[in-house]
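Asks: Okay, handing you the structure first.
The values are calculated or read from the model by the stated rules, or taken from the named source; none is laboratory data. Quantities reported herein were computed from a predicted structural model and do not represent experimental measurements. Here the Cβ is made from the backbone with ideal geometry for all residues, glycine too, and neighbour counts use every protein chain on show.
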Amino acid sequence: MAQVWTLSGTMPPLPHVERGFASVISGHEGKGELLYTNGRCVVKRKLSNPYESEAIFMHTTNATVARFSPAGDYVVSGDAAGGIKVWSSDVPEGGERTVKNDIPVLGGAVTDVAWSPDGKKIVAVGDGRGKLAKCFAWDRGSNFGDFDGLSRKVNSCDFRPTSPFKVVTGSEDSRVNVYGGPPFKFELSNKKHANFVNCVRYAPDGSRYVSVSSDKKCIIYDGETGEPIQEFATGGDAHTGSIMACAWSPDSAKLITASADKTVKLWDMNNLKLSSTLKMGTAVEDMQVGCCWVGDYVVSLSLSGNINFLDLGAGSVRTQVMGHTKSLVTVAADCFESGDRFFTSSYEGKVCEWDASAGCKGAAMVHTNMPVSMRVAEGGKKLHSCGFDDTFRVTSLPLSGGSTAIETRKLESLPKDSCYSKSTETSCLLYEKKVELVKGSTGGGGVFCSLDLTQECSSCAISPNGSLVAVGTKQGKVLVYALSNGALAQDKTLERHRGEVTAMRFSHDGSMLATGDSNREVLVWDCGSGEVKKSRMVYHSSKITCLSWSPSNDTICSGSVDSNVIMWPLDLPSSKRTTLTLAHQEGVKGLEYISDTKVVSVGTDACCKIWTKQ
C-alpha cells in the first residue's frame, strides 16, 4: 500500500523588500491575520501565532500588494503587470479557493489598493503608461470616475471611510491629490512635500489623513476638505531619514511612522506630539520600510524582511519573525538528531536555522552568492557549505546574525556540488573536472586528497564511512572511486542513465546509492555489486534536482523542476509511489528527511514546507 503524506506546515517567505521603496503590509482585526506579498505569493499569517500561515498562489507574475475587504471575506491583490485579482480569503469547505474576478487595471505595476467602506469598490494605483489610478466595482470592473492630475508613479492611496467619500493619492511627483465622488473627480492637489510621497492614510474615523514622504516630513490634512492642517514631526522629534510608511490606531488617536532612520515613532494625534521612539537597530538591514496597526497588534517591517511585533508600552520588539525573502536553493538536516532542527539557504547567501514546530530561530549571511550545497557537520555544531562565491565555508552553530563565526577557504574555481561524511568528518568538493576531499575545518589547508577527472561532472556523493566517492557526469555515467591510503582510485563505472546525472545520495548504511538525472529518471544501485537494485522510477516530468534517504533506508524522496516531490518505498513497485503534486510552484530545489515520518522541502517559490507521513 502506498504511503500517505500530508502537508503539516508551511514557512512562507517574508515580505518583499527593496531599499528606498516602501512595502505594503496590512491586516484585518476580525480575521486576526496579517497580509503581504513576495514573488507570486500572497501570504497570510495569524497575528496571534505568526508561524501559523498560508502561502497562496493566485498570480502568474509577481504580486505587489494585497488587502482584505472591510468584512474580511475577500482579498484584492495586485501584480507587476497591472492586474487585479479578487478572491475568497478562506477556502470553502470541501472546495478550492477561486478567483472571483480578474481585471487588467494599469499599464504597469500596482503599488497600492484600497477598498471602499461598503466593500463594493476598489481603488488601485501604480505605474505605467496611461492611467496611474482607477476606481472600479470589484465584481463587474465598471469604472467610477477619472483620476486626472497624476504625472508620475503613484506610491500610495486610501479611501475615506466616511461620507462624503474621497480618495487620496501620494505620488513620486511630490503631490498629494484628493478626488471626490463617486464618480471620482479631481478636487485639489497639495505640494507641501519636496520628495516622493510614500504613504497616505485616512484615520479610521475619516476626520483627517496623513501623508509621509522621503523628505522626512509628516503632514496632517482635513479629511473632508483635503486642505493641509499642519506639518508635524519637526525639530528634535523629526525623523532623520525617509519616512516610508504610517498607520493609524483603531481609535484614530495615535499614529506610527516607520523610517529609513531605523526607528518607529509613536505620535499622539490629539496634540500632534511625539509619544515615544523605538530604535530598531543600527545596521542597514534595520531600516523600517513598512508598518500597520491591526487591532491590538502594531507591526513594522525591516529592510532585512523581518516582521517586528511591537510593544509600544515597553518601547521594544515583542516578537520578531525571521526567515527568507529570496528563493530557496538548499536545505540541510541531520535526521538522527533529536528534535526537528534544519537549515535553509536562499540564493543571495542567507542561511536560516529552523525548528519545524517553532519557526526560524536564527539567521546569518554565510555566502555572498548562491550556495551550491550545504550539510550539517561535526556533530551538529557546524555547517559545511560551498557556493558560487567560490568559497567553502564552515559556519558555527547556532546562527547568531552578524556575530556568527564563519571560517572561509577560497576555492580554485566554481564548485558544482559537495557532500559530507559524518563518521570521518570529511567534505567532498566537486569542480567541473576535479574532486577534493577536505578533512574537518577549513584552517591549515584542509584538502588531504584531490583527483583530476577526465569528464565534465555535475554531482557528487561520499559514503557515510568515507570510503567511497561517487561522481555523476554530464554524459550520464556514475564514476565510483575508493579511498585508500589518502588517494582515490576508480572502483566502478555505473552506466544506465540517459541524461546528465544531476543528483545523488548514499543510503545511511552505505549499501546503496540513489541517483537522478536530467532525463527525469531515478535509479538505486547496490554499492557492492554495482547492479541496479531499483529502476523504472520515471514518474517526474522534468530534471531531478534533489534526493534524500529516510533514516531507515527503506524510502527515497525525490524533487524535480516539475514542482513535484515523489516518495519511493523500496519494498513496493514504482506504481505505488506517493506524489506530492505542486509541492513548490516554481520547482523543488532541496529535500531532507528530518525523521522517518517528516520531510522538509524548499523551492524557488521561497517557501519551506514540512510533510508528515500518516
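Asks: Just to verify a result, which residue in segment 559-572, among those that are under 22 Å from the mean Cα position of the chain (by Cα) and not in a loop (DSSP other than H, G, I, E, B), is surrounded by the most Cβ atoms within 10 Å (Cβ to Cβ)?
Replies: The initial filter retains those residues of segment 559-572 that are under 22 Å from the mean Cα position of the chain (by Cα), namely 559-565.
Still in the list and also not in a loop (DSSP other than H, G, I, E, B): 559-560, 565.
Values: G559: 30, S560: 25, V565: 27.
Per the criteria, the residue is G559.
Asks: Which of the residues spanning segment 284-318 are hydroxyl-bearing (S, T, Y) and under 30 Å from K589 (Cα atoms)? First the steps, then the outcome.
Replies: Within segment 284-318, the first condition is being hydroxyl-bearing (S, T, Y), and the residues that meet it are 297, 300, 302, 304, 316.
Correct list: S302, S304.
Asks: Test E33 against the stated conditions and say whether it is touching a residue at least 12 places away in the same chain (Cβ under 8 Å), in contact with a Lys or Arg (Cβ under 9 Å, 6 or more places away or on another chain) and among the charged types (D, E, K, R). Let's see the steps before the verdict.
Replies: Numbers: touching a residue at least 12 places away in the same chain (Cβ under 8 Å): yes; in contact with a Lys or Arg (Cβ under 9 Å, 6 or more places away or on another chain): yes; among the charged types (D, E, K, R): yes.
It is true that E33 is touching a residue at least 12 places away in the same chain (Cβ under 8 Å), in contact with a Lys or Arg (Cβ under 9 Å, 6 or more places away or on another chain) and among the charged types (D, E, K, R).
Asks: Return yes or no: is E412 farther than 26 Å from F336 by Cβ and either assigned by TED's automatic domain parsing to the domain that holds K543 or among the β-branched types (V, I, T) (or both)? Spell out the reasoning first.
Replies: Values: farther than 26 Å from F336 by Cβ: yes; either assigned by TED's automatic domain parsing to the domain that holds K543 or among the β-branched types (V, I, T) (or both): no.
No; evaluated as a whole, the condition is false for this residue.
Asks: F232 is checked against (1) more than 25 Å from V123 (Cβ to Cβ); (2) surrounded by fewer than 18 Cβ atoms within 10 Å (Cβ to Cβ) and fails just one. What number does that condition carry?
Replies: Checking F232 against (1) more than 25 Å from V123 (Cβ to Cβ); (2) surrounded by fewer than 18 Cβ atoms within 10 Å (Cβ to Cβ), the one that fails is (2).
Asks: Based on this model, can you work out whether A333 counts as in contact (Cβ under 8 Å) with a residue 60 or more places away in the chain, farther than 30 Å from S300 by Cβ and not acidic (D, E)?
Replies: Values: in contact (Cβ under 8 Å) with a residue 60 or more places away in the chain: yes; farther than 30 Å from S300 by Cβ: yes; not acidic (D, E): yes.
Here the answer is yes, as A333 does meet what is asked.
Asks: Also, quick follow-up: For segment 546-568, does any single residue satisfy the condition of being modelled with pLDDT of 95 or more and touching a helix residue (DSSP H, G or I) at 6+ places or on another chain (Cβ under 8 Å)?
Replies: yes
Asks: Among V99, V105, V91, V86, which is at pLDDT 95 or above and among the aliphatic types (A, V, I, L, M)?
Replies: The match here is V86.
Asks: In addition: So, in segment 197-210, exactly how many residues are crowded, with 16+ Cβ neighbours inside 10 Å and either outside any strand (DSSP E or B) or over 35 Å from the mean Cα position of the chain (by Cα) (or both)? Break it down stepwise before answering.
Replies: Quick first cut of segment 197-210, residues crowded, with 16+ Cβ neighbours inside 10 Å only: 197-203, 206, 208-210.
Now restrict to residues that are either outside any strand (DSSP E or B) or over 35 Å from the mean Cα position of the chain (by Cα) (or both): 203, 206, 208.
Here the count works out to 3.
Yes/no matrix, rows are residues, columns are (1) buried (at least 18 other Cβ atoms within 10 Å of the Cβ); (2) within 30 Å of D355 (Cβ to Cβ):
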site: N38; (1), (2): yes, yes
site: R45; (1), (2): yes, yes
site: N49; (1), (2): no, yes
site: K85; (1), (2): yes, no
site: V99; (1), (2): no, no
site: R129; (1), (2): no, no
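Asks: Is it the case, given these coordinates, that N553 is within 31 Å of the chain's Cα centre (by Cα) and either surrounded by fewer than 22 Cβ atoms within 10 Å (Cβ to Cβ) or not aliphatic (A, V, I, L, M) (or both)? So that I can check it myself, show each step before the final result.
Replies: Details: within 31 Å of the chain's Cα centre (by Cα): no; either surrounded by fewer than 22 Cβ atoms within 10 Å (Cβ to Cβ) or not aliphatic (A, V, I, L, M) (or both): yes.
For N553, the condition - within 31 Å of the chain's Cα centre (by Cα) and either surrounded by fewer than 22 Cβ atoms within 10 Å (Cβ to Cβ) or not aliphatic (A, V, I, L, M) (or both) - is not met.
Asks: Any residue in segment 465-473 that is more than 19 Å from S548 (Cα to Cα) and touching a residue at least 60 places away in the same chain (Cβ under 8 Å)? I'd like the intermediate steps shown before the answer.
Replies: Quick first cut of segment 465-473, residues more than 19 Å from S548 (Cα to Cα) only: 467, 473.
From what's left, touching a residue at least 60 places away in the same chain (Cβ under 8 Å): none.
No; the residues of segment 465-473 include none that is more than 19 Å from S548 (Cα to Cα) and touching a residue at least 60 places away in the same chain (Cβ under 8 Å).
Asks: Which members of segment 261-313 meet the condition of being charged (D, E, K, R), over 29 Å from C352 (Cα atoms) and surrounded by 20 or more Cβ atoms within 10 Å (Cβ to Cβ)?
Replies: Result: K265, single match.
Asks: Out of the residues in segment 157-188 meeting the condition of being aromatic (F, W, Y) and in a strand (DSSP E or B), tell me which one is modelled with the lowest pLDDT.
Replies: F184
Asks: Still on this structure: If I filter segment 390-409 for residues that are in the same structural domain as N519 (by TED's automatic domain parsing) and basic (K, R), do I get at least one hit? Steps first, please.
Replies: The initial filter retains those residues of segment 390-409 that are in the same structural domain as N519 (by TED's automatic domain parsing), namely none.
Taking every residue of segment 390-409 in turn, none turns out to be in the same structural domain as N519 (by TED's automatic domain parsing) and basic (K, R).
Residue-by-condition table, conditions (1) in the same structural domain as C546 (by TED's automatic domain parsing); (2) buried (at least 23 other Cβ atoms within 10 Å of the Cβ); (3) touching a Cys at 6+ places or on another chain (Cβ under 7 Å); (4) within 18 Å of I406 (Cα to Cα):
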position: E337; (1), (2), (3), (4): yes, no, no, no
position: D340; (1), (2), (3), (4): yes, no, no, no
position: V351; (1), (2), (3), (4): yes, yes, no, yes
position: N369; (1), (2), (3), (4): no, no, no, yes
position: V372; (1), (2), (3), (4): no, no, yes, yes
position: E378; (1), (2), (3), (4): no, no, no, yes
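Asks: Has segment 174-196 got any residue that is polar (S, T, N, Q) and under 30 Å from the mean Cα position of the chain (by Cα)?
Replies: no
Asks: For residues that are surrounded by 19 or more Cβ atoms within 10 Å (Cβ to Cβ) and under 14 Å from the mean Cα position of the chain (by Cα), scanning just segment 52-73, find the one that is nearest to V17 (Cα to Cα).
Replies: Once the filter is applied, the top-ranked residue is T64.
Asks: Is it the case that segment 412-422 has a residue that's under 31 Å from the mean Cα position of the chain (by Cα), under 18 Å from N369 (Cα atoms) and surrounded by fewer than 17 Cβ atoms within 10 Å (Cβ to Cβ)? Quick ask: steps written out before the conclusion?
Replies: Here is the first cut: in segment 412-422, the residues under 31 Å from the mean Cα position of the chain (by Cα) are 413-422.
Of the ones still in play, those that are also under 18 Å from N369 (Cα atoms) are 413-418.
From what is left, the residues that are surrounded by fewer than 17 Cβ atoms within 10 Å (Cβ to Cβ) are 413-414.
Within segment 412-422, one or more residues are under 31 Å from the mean Cα position of the chain (by Cα), under 18 Å from N369 (Cα atoms) and surrounded by fewer than 17 Cβ atoms within 10 Å (Cβ to Cβ).
Asks: Can I ask one more? State all residues of segment 460-484 that are more than 15 Å from W525 (Cβ to Cβ) and out of contact with any Leu (no Cβ under 8 Å at 6 or more places or on another chain); if no residue qualifies, say none.
Replies: Scanning segment 460-484 gives P464, N465, K474, Q475, S484.
Here is a yes/no grid of residues against (1) surrounded by fewer than 23 Cβ atoms within 10 Å (Cβ to Cβ); (2) under 25 Å from W354 (Cβ atoms):
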position: T502; (1), (2): no, no
position: K533; (1), (2): yes, no
position: L547; (1), (2): no, yes
position: C557; (1), (2): no, yes
position: S574; (1), (2): yes, no
position: L580; (1), (2): yes, yes
position: G590; (1), (2): no, yes
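Asks: Taking strands (runs of 3 or more DSSP E) that fall entirely within segment 504-551, which contain at least 2 residues that are closer than 21 Å to V599 by Cα and of a type in the set (G, A, S)? First the steps, then the outcome.
Replies: Values: elements: 512-517, 522-526, 532-537, 544-549.
Passing ranges, in order: 512-517.
Asks: Hey, another quick one. What are the residues in segment 574-607 that are part of a loop (DSSP other than H, G, I, E, B), in contact (Cβ under 8 Å) with a residue 24 or more places away in the chain and of a type outside the set (S, T, Y), if any?
Replies: Once the filter is applied, which keeps residues that are part of a loop (DSSP other than H, G, I, E, B), in contact (Cβ under 8 Å) with a residue 24 or more places away in the chain and of a type outside the set (S, T, Y), segment 574-607 yields R577, A583, H584, Q585, E586, G587, D596, D605, A606, C607.
Asks: Only residues that are within 31 Å of the chain's Cα centre (by Cα), in a loop (DSSP other than H, G, I, E, B) and either modelled with pLDDT of 95 or more or closer than 19 Å to V212 by Cα (or both): list them for segment 128-156, please.
Replies: Passing the criteria: R152, K153.
Asks: Same structure, new question: For segment 211-280, which strands (runs of 3 or more DSSP E) that fit wholly inside it have 3 or more residues that are under 25 Å from G27 (Cα atoms) and assigned by TED's automatic domain parsing to the domain that holds V197?
Replies: Working: elements: 218-222, 228-232, 243-248, 254-259, 263-268, 273-279.
In segment 211-280, 218-222, 243-248, 254-259, 263-268, 273-279 are the strands (runs of 3 or more DSSP E) which contain 3 or more residues that are under 25 Å from G27 (Cα atoms) and assigned by TED's automatic domain parsing to the domain that holds V197.
Asks: So which residues in segment 131-144 are buried (at least 18 other Cβ atoms within 10 Å of the Cβ) and more than 19 Å from M58 (Cα to Cα), if there are any at all?
Replies: Narrowing segment 131-144 to residues buried (at least 18 other Cβ atoms within 10 Å of the Cβ): 131-136, 138, 144.
Scanning segment 131-144 gives K131, L132, A133, K134, C135, F136, F144.
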